[in-house]
Amino acid sequence: MKFWRKDSLFFILIVLPILGSTRFIYGQSIMQDSISIDSLDRYYKLSRSDSLSIPVRLDYVNSFLKGASLYKQDSLIYLGLMRKTKLLGQSRQYDSAITYTYQLNDLARQKRDTLYIGKALTKLGIYHKSNNQLAEAFNYYNEAFKLARITKDGIKTGRNLLEMANIQTSLGDYSGSKTTAIDGVKYLEDTSELRSLAGLYHIISVANRVQKNYVEAIKYNTKALSLGKDKLSRQTIGVKNILIFKNTKALILANQGDYQEAIKILKGLVENSVVKQDKREYARVLGNLGYVEWLEDKNDENAKSILHKALGIREEIRDVKGIITSCIYLTRYYLDKDKGKALFYAESAYRNAKEQHSLSSTLEALGFIFELRENTNEEAKVYKEIHNKLLEVNQSNREIYAVTRYENDKLTNENLILKAETARKERQRIIYLFSILLVILGGGMVFYWFEQRHRREKIREVYNAEARISKKLHDELANDVYQVMMQLQNNQNDSGVLDKLEDIYNSTRDISREHNSFGTGKEYARELNAMLSSYGTNSTKIIIKDIFEINWQSITPEKKIIVHRTLQELMVNMKKHSQAALVAITFKKTPKSIAITYADTGVGVSAQEIIYSNGLRNTENRIKTIGGSFIFDSERNKGFKAKIQFPN
């Protein structure tokens, strides 16, 4: 493999006239009217001239490549393809840029030229990413990462991991992006590559913010900002990037509830001259300022004006990603004020997200549409398709990098195992002693505490289950059994007896299913999700949103039991009566309460039927016992909606 080449155009253009003095190159005669070396030099310089339009510069680079092919010099062809792909990328002709980059890659592999193989792989990552082909881009950056690691180029290795982590962030895979970025830090933290290192710290900070780990988010945000402590380092990292880090810091503070400090930072950024000169960045900061001001005061009219101003700027410059963000902000702003406007902006976010092929943004917009619009059958199909695609892409990316990471870790670990083994044995001896003491002192108390809590929960579950089962047996089965007895007594040959007995069996089985036990501990959310999903069939789709965003561990067992039974009652009613094609259950945490919204597209019920529904009245009574509320809305042929809210 070639790890070094002399690619200077000056060197090439000095040597080629000597090679061409015999008027033969590789046995082929060059005609009098062939492109001269001077012409090649001129074409290449003109293709680099910023004063010319890109189409004109592309014409010159095509002429350069045509001449380079006559001389059959790899270095000339490399230069021409590098220039042509760059110009195509600048003009957003990404498909063409990808096509010619493949030519560059094929030539480099044919010549076993690792320098240009690496450049081609990086370019393929760039252009696929720009073309919203994120899975393909991730794969090419991963290939470039492996090549950089083989050639022991730590800086290029770290840069490729930065790009891979950025793609994972765009796809909403924050756990994956954090893992990849942390690996990238290992390659760059002792180098002078401050720009990429700061970018990696920023990605880790953003991932932690989304995962609500605000202490770690601030920690890595501070690391990113601290790299730009002097003028030279700020120039290296880029003033604009440092301003982005400050913008992120404001969002983290807002998430922590420190709105005043967040607003102070954002107002400073809005007045910054660098931000003002960049409309895209100015709109981003402005939108965040409006959103944080609204979070602080939900009735702030100034916040609304700022949010609309940010959207107007983004529409003016056609910043699609920014438009999506602004529409999501405005959807949240109007959600409790004006459902019509909230739906308008949610649908706008949805359209732009589909245009941008942004899977995670499309799902977020659809979540609001489900909450705001009655008929969402078509959107539900899109939601399922995109949700599955996003899972597949993120899983594929993780598997691609996991294999590469394993290969790298294996080499490193083999060198560390012998040193670590001795230290591990010494630590184990000490750990064993302390473990025995801790087990003796704390084991008894912990066991007793868990046993008592488990006993109380079992007693409570058994009591609730027995009470309801007893009522069902009395109300539903006693009369049925009596009727069968009378039929047998009066007419032993009645063929309907067996059918009736089968109905009784099915009723008994349904009661058993309804009263299956469930835990209220760490697995509560998973079991609740499984219970709700179990009511889905080929004809009924169940969509469950943000169930795992709720901190169920902080909610008392009694409340969990009531939530489970309440939702189960709604699902049972849906199964028996609604004929719904789509059911959506959304969980949302507010500062003081938990809100659960249920909606289906079934036949609905009339107001009179709701009044006399024992199930709904029992459900309402349950929620009231924990200080909550149960509000339902339904009309014949217009589906059924219910909102459950209780203190957290």
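The values are calculated or read from the model by the stated rules, or taken from the named source; none is laboratory data. Here the structure is a predicted model, which is why all the values come from computation and not from measurement. Positions of Cβ are backbone-derived with ideal geometry, glycine not excepted, and every protein chain shown enters the neighbour counts.
Is one or more of the residues making up region 208-215 under 29 Å from Asn139 (Cβ atoms) and touching a residue at least 40 places away in the same chain (Cβ under 8 Å)? Yes, region 208-215 contains at least one residue that is under 29 Å from Asn139 (Cβ atoms) and touching a residue at least 40 places away in the same chain (Cβ under 8 Å).
Among Ile218, Ile182, which is part of a helix (DSSP H, G or I), aliphatic (A, V, I, L, M), free of Cβ contacts under 8 Å to residues at least 24 places away in the same chain and more than 20 Å from Lys321 (Cβ to Cβ)? Just a single option satisfies the conditions, and that option is Ile182.
Annotation: of all residues in region 295-324 being buried (at least 22 other Cβ atoms within 10 Å of the Cβ) and not aliphatic (A, V, I, L, M), the one that is farthest from the chain's Cα centre (by Cα) is Arg314.
Okay, residues lined up against (1) among the hydroxyl-bearing types (Ser, Thr, Tyr); (2) surrounded by fewer than 19 Cβ atoms within 10 Å (Cβ to Cβ); (3) farther than 27 Å from Ile117 by Cβ:
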| position | (1), (2), (3) |
| --- | --- |
| Glu163 | no, no, no |
| Gly176 | no, no, no |
| Tyr187 | yes, no, no |
| Ser192 | yes, yes, no |
| Gly199 | no, no, no |
| Ala207 | no, no, yes |
| Lys212 | no, yes, yes |
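Within region 220-233, the set of residues being loosely packed, with under 15 Cβ neighbours inside 10 Å and either among the basic types (Lys, Arg) or farther than 19 Å from Gly184 by Cα (or both) comprises Lys229, Asp230, Lys231, Leu232.
Determine whether Leu232 is among the aliphatic types (A, V, I, L, M), in a helix (DSSP H, G or I) and closer than 21 Å to Asn288 by Cβ.
Working: among the aliphatic types (A, V, I, L, M): yes; in a helix (DSSP H, G or I): yes; closer than 21 Å to Asn288 by Cβ: no.
No: the conditions fail for Leu232.
Residue pairs whose Cβ atoms lie under 8 Å apart, separated by 6 or more positions or on different chains, with the first residue in region 133-153 and within 20 Å of Tyr187 (Cα to Cα) and the second part of a loop (DSSP other than H, G, I, E, B), are Thr151/Phe3. Criterion applied to Leu124, Leu76 was being under 30 Å from Val56 (Cα atoms), crowded, with 22+ Cβ neighbours inside 10 Å, touching a helix residue (DSSP H, G or I) at 6+ places or on another chain (Cβ under 6 Å) and modelled with pLDDT of 95 or more, and the one residue passing it is Leu124.
Quick one: count up the residues across region 207-257 that are acidic (Asp, Glu) and closer than 15 Å to Glu281 by Cβ. Adding up the residues that qualify gives 0. Taking the criterion of being touching a Gly at 6+ places or on another chain (Cβ under 7 Å), among the basic types (Lys, Arg) and surrounded by 14 or more Cβ atoms within 10 Å (Cβ to Cβ), would at least one residue in region 282-290 satisfy it? Looking through region 282-290, at least one residue is touching a Gly at 6+ places or on another chain (Cβ under 7 Å), among the basic types (Lys, Arg) and surrounded by 14 or more Cβ atoms within 10 Å (Cβ to Cβ). Taken as a whole, the structure leaves Ser51 outside the set of residues that are at pLDDT 90 or above and closer than 29 Å to Gly118 by Cβ.
Among the residues of region 581-612, those identified as at pLDDT below 90 and closer than 28 Å to Asn648 by Cβ are Thr590, Pro591, Lys592, Ile610. With respect to the conditions (1) without any contact (Cβ under 8 Å) to a residue 40 or more places away in the chain; (2) farther than 21 Å from Ile54 by Cα, Arg112 falls short on a single one, namely (1).
If you go through region 346-368 and keep only what is under 18 Å from Asn131 (Cα atoms), under 16 Å from the mean Cα position of the chain (by Cα) and part of a helix (DSSP H, G or I), you end up with Ala353, Lys354, Gln356, Leu359, Ser360, Ser361, Thr362. Residue-level analysis places Leu269 among those that are over 25 Å from the mean Cα position of the chain (by Cα) and assigned to a helix (DSSP H, G or I). Among the residues of region 629-639, the ones that are surrounded by 14 or more Cβ atoms within 10 Å (Cβ to Cβ) and either basic (Lys, Arg) or in contact with a helix residue (DSSP H, G or I) (Cβ under 6 Å, 6 or more places away or on another chain) (or both) come to 2 in all. Would you tally the residues in region 13-47 being more than 20 Å from Asp74 (Cβ to Cβ), of a type in the set (D, E, K, R) and either surrounded by 14 or more Cβ atoms within 10 Å (Cβ to Cβ) or modelled with pLDDT under 50 (or both)? Here the count works out to 3.
Only one residue in Lys231, Lys246 is more than 26 Å from Gly322 (Cβ to Cβ) and either in contact with a His (Cβ under 7 Å, 6 or more places away or on another chain) or not β-branched (Val, Ile, Thr) (or both), so which one is that?
Values: Lys246 fails: more than 26 Å from Gly322 (Cβ to Cβ).
Just a single option satisfies the conditions, and that option is Lys231.
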